[in-house]
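Student: Have a look at the structure that comes next, please.
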Amino acid sequence: MNVESLYQEIILDHYKNPRGKHPLAEAEGESYQVNPTCGDEVTVQVARDRDGHLHVGYEGQGCSISQASASVMAEMVEGMDVSTADAVRHAFVELMHSKGAVEPDEEVLGDGVAFVGVAKYPARIKCALLPWMALQDAQVKAGIGTEDQGEAR
Amino acid sequence: MTKPLDVARIRRDFPILQRTVRDDRPLVYLDSAATSQKPFQVIDAESDYYRSCNAAVHRGAHQLAEEATDAYEGARAKIAGFVHGRPEDLVFTKNATESLNLVAYAFSNGAAKAQHGDDAIDPRFVIGPGDSIVVTQMEHHANLVPWQEVCAKTGATLRWIGVDDDGRLDLRDLSTIIDESTKVVSVVHQSNLLGTINPVSELMAHARAVGALGIVDACQSIPHMPVDVNELGADLVAWSGHKMLGPTGIGMLWGRPEVLEAMPPFITGGSMIETVFMDHSTYAAPPKRFEAGTPMVAQAVGVAAAVDYLDALGMDAVEAHEHVLTGYALEQLRNVPGVRIIGPQDDHARGSAVSFVVDGLHPHDVGQFLDDHGVAVRVGHHCAWPTCRRFDVPATTRLSTYIYNDTSDIDVAVDGIRAAQKFFGV
């Protein structure tokens, strides 16, 4: 275990070139989450279009893990149907709580698999989960999906 | 003449410093402002207490109870002596946060009781609308949030002394901040985030001049420099055991006898009473009035062993050693392009907690890289979030030294910072 396994290229790329980092024009739900131990902040906004697809925007500041996670999340779930987006979030949360024992499924998680190393650093799991917690909370506030899904602890 | 610290010899007393971390790297511990490591003398003292004379103190008619009581009260005398106080003026709490809450609650409890007709409450502890409480912009949350609570409960107003760009208190408008309305001035001696050593005697004199009670948070000063509570001019002084080589689970509150005598209790119950009836109680004299329930005897014994250890080194020598390390850390960090020190830039009136930010890197990532080099530092807002806001940074990385560190530890940390910069391409 070393620091390179934590900071994979994909994470560094999303950190330096964030995707989907903008407010949503017509947000239906919004959630601000903060990690009080280190001051990472993220605000996620969500909306659902007529076809049932999820739209996501975010703003934030913080460490590379939290901000790359927000970027990966926004890029992945943007335009997904809500139940698929919920399944992706569920898989990501499971991966973070796996202590590295779960082999991540790239089919489901896409760039999210790069966070597998984070699960071995307990202090950083909360950083990676922060935007996903905000996504879940924003969806709940907007009444968009999230039934029977794993809680982002 | 103070004898310089023999760091190599000191390090042999600290079992944890012999271990490795993260792929067999030697541990470089630069997080003593969060908690210090413990020498075997402290670990053994606590363990020996349990092995030889553990019993409930201040009760029981058996030999063990007598010995345990002697150990507890002997520790109190030793720790009080360390700061030139008397044992009967030293209260044990579970940590410094509790010490400060004990004081804060004296005010909100005093106000509540006075409102319900208890005219025995000393008017200094009766606070309400029109009164003010003064803190600084560099307080640890433990010396800020309790006072916010007192204000919310009593209607008093919170004021604070600002911090300038160099991390020093801005004392220009002091007479408008501490005035006739002020009933409490509670300030940190040495900032845990900025490292600044504040002119507390001067601030305490201002408090006294307007009839306010003066309180000092000495968590970061008492472990690192000689402190005489009488010279501070404070009414109450709070600090913790675990930052001065002692165990966790114990804090201290020293008070001027006349102030402790007037203070309403905080946590109530067994051991802190004089008499108890079904409808009312009377309370024991200090310090017992403030020590409800079974006390932390083994921890007190551990702190007393820590005092012995520090006394053997000499606090003048400890201070001199850390002054050298602080100057060295500031100089080395200044030499790294992109590193900005948050706090006083020079080593004048400055302790060994050195916070910094690295351009283009979040403190969490810096800390992670240092960890990969075996270096333990603190990252985050250090329980002083408003201080971070003052400097417009979300968080900092902080290195802090103690008696077991030398300049080579700082070199390893600086190498780690450069490696992080290289890795992230900043």
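Student: Going by what's in this entry, would A:VAL140 be described as buried (at least 18 other Cβ atoms within 10 Å of the Cβ), out of contact with any Leu (no Cβ under 8 Å at 6 or more places or on another chain) and of a type in the set (Val, Ile, Thr)?
Tutor: No, not satisfied.
Student: Would you check if there is a residue in segment B:408-416 being farther than 17 Å from B:THR196 by Cα, within 14 Å of chain A (Cβ to nearest Cβ) and in contact with a helix residue (DSSP H, G or I) (Cβ under 9 Å, 6 or more places away or on another chain)?
Tutor: So far as segment B:408-416 goes, yes, one or more of its residues are farther than 17 Å from B:THR196 by Cα, within 14 Å of chain A (Cβ to nearest Cβ) and in contact with a helix residue (DSSP H, G or I) (Cβ under 9 Å, 6 or more places away or on another chain).
Student: Search segment B:296-324 for residues that are surrounded by 19 or more Cβ atoms within 10 Å (Cβ to Cβ) and at pLDDT 95 or above and pair each with any residue that is polar (S, T, N, Q) and assigned to a helix (DSSP H, G or I) when their beta-carbon atoms are under 9 Å apart and the residues are at least 6 apart or on different chains.
Tutor: B:VAL297/B:THR69; B:ALA298/B:SER47; B:ALA305/B:GLN41; B:ALA306/B:GLN41; B:TYR309/B:GLN41
Student: Identify, please: which residue in segment A:57-70 is crowded, with 24+ Cβ neighbours inside 10 Å and out of contact with any Phe, Trp or Tyr (no Cβ under 7 Å at 6 or more places or on another chain) and is, among those, nearest to A:ALA119 (Cα to Cα)?
Tutor: Result: A:ILE65.
Student: If you take the residues of segment A:13-38 that are surrounded by 17 or more Cβ atoms within 10 Å (Cβ to Cβ) and within 12 Å of chain B (Cβ to nearest Cβ), which of them is modelled with the highest pLDDT?
Tutor: Applying the filter and picking the extreme gives A:TYR15.
Student: Looking at segment B:400-410, is at least one residue free of Cβ contacts under 8 Å to residues at least 40 places away in the same chain, surrounded by fewer than 24 Cβ atoms within 10 Å (Cβ to Cβ), within 16 Å of B:GLY343 (Cβ to Cβ) and not basic (Lys, Arg)?
Tutor: No, there is no match, as no residue in segment B:400-410 is free of Cβ contacts under 8 Å to residues at least 40 places away in the same chain, surrounded by fewer than 24 Cβ atoms within 10 Å (Cβ to Cβ), within 16 Å of B:GLY343 (Cβ to Cβ) and not basic (Lys, Arg).
Student: Could you pull out the residue among B:ALA395, B:ALA384 that is among the hydrophobic types (A, V, I, L, M, F, W, C), under 27 Å from A:LYS16 (Cβ atoms), surrounded by 24 or more Cβ atoms within 10 Å (Cβ to Cβ) and within 14 Å of chain A (Cβ to nearest Cβ)?
Tutor: B:ALA395
Student: Considering B:LEU260, B:LEU194, which residue is surrounded by fewer than 24 Cβ atoms within 10 Å (Cβ to Cβ), in contact with a Pro (Cβ under 9 Å, 6 or more places away or on another chain) and under 28 Å from B:THR157 (Cβ atoms)?
Tutor: Selected residue: B:LEU260, the only one of B:LEU260, B:LEU194 that is surrounded by fewer than 24 Cβ atoms within 10 Å (Cβ to Cβ), in contact with a Pro (Cβ under 9 Å, 6 or more places away or on another chain) and under 28 Å from B:THR157 (Cβ atoms).
Student: Working carefully through the options A:HIS55, A:HIS90, find the one that is within 16 Å of A:MET133 (Cβ to Cβ) and touching a Gly at 6+ places or on another chain (Cβ under 9 Å).
Tutor: Residue meeting the stated conditions: A:HIS90.
Student: For B:GLN18, which of the numbered conditions (1) closer than 30 Å to A:TYR121 by Cα; (2) out of contact with any helix residue (DSSP H, G or I) (no Cβ under 9 Å at 6 or more places or on another chain) fails to hold?
Tutor: So B:GLN18 meets the others, but not (2).
Student: Something else about it: Of B:ALA104, B:ALA77, B:ALA96, B:ALA65, which residue is over 22 Å from the mean Cα position of the chain (by Cα) and in the same structural domain as B:VAL184 (by TED's automatic domain parsing)?
Tutor: B:ALA65
Student: Being touching a strand residue (DSSP E or B) at 6+ places or on another chain (Cβ under 7 Å), in contact (Cβ under 8 Å) with a residue 60 or more places away in the chain and crowded, with 17+ Cβ neighbours inside 10 Å narrows it down to one residue among B:ALA156, B:ALA96, B:ALA106; which is it?
Tutor: One residue alone meets the criteria, B:ALA96.
Student: If you take the residues in segment A:1-34 that are touching an Asp or Glu at 6+ places or on another chain (Cβ under 8 Å) and assigned to a helix (DSSP H, G or I), which one is farthest from A:GLN67 (Cα to Cα)?
Tutor: For segment A:1-34, the residue satisfying everything is A:VAL3.
Student: Now for a different question. Is it the case that some residue within segment B:349-372 is more than 9 Å from chain A (Cβ to nearest Cβ), crowded, with 21+ Cβ neighbours inside 10 Å and over 26 Å from the mean Cα position of the chain (by Cα)?
Tutor: Yes: segment B:349-372 contains one or more residues that are more than 9 Å from chain A (Cβ to nearest Cβ), crowded, with 21+ Cβ neighbours inside 10 Å and over 26 Å from the mean Cα position of the chain (by Cα).
The values are calculated or read from the model by the stated rules, or taken from the named source; none is laboratory data. The shown structure was predicted, so the numbers you read here are calculated from the model rather than taken from an experiment. Here Cβ is always computed from backbone atoms with ideal geometry, including for glycine, and neighbour counts include all displayed protein chains.
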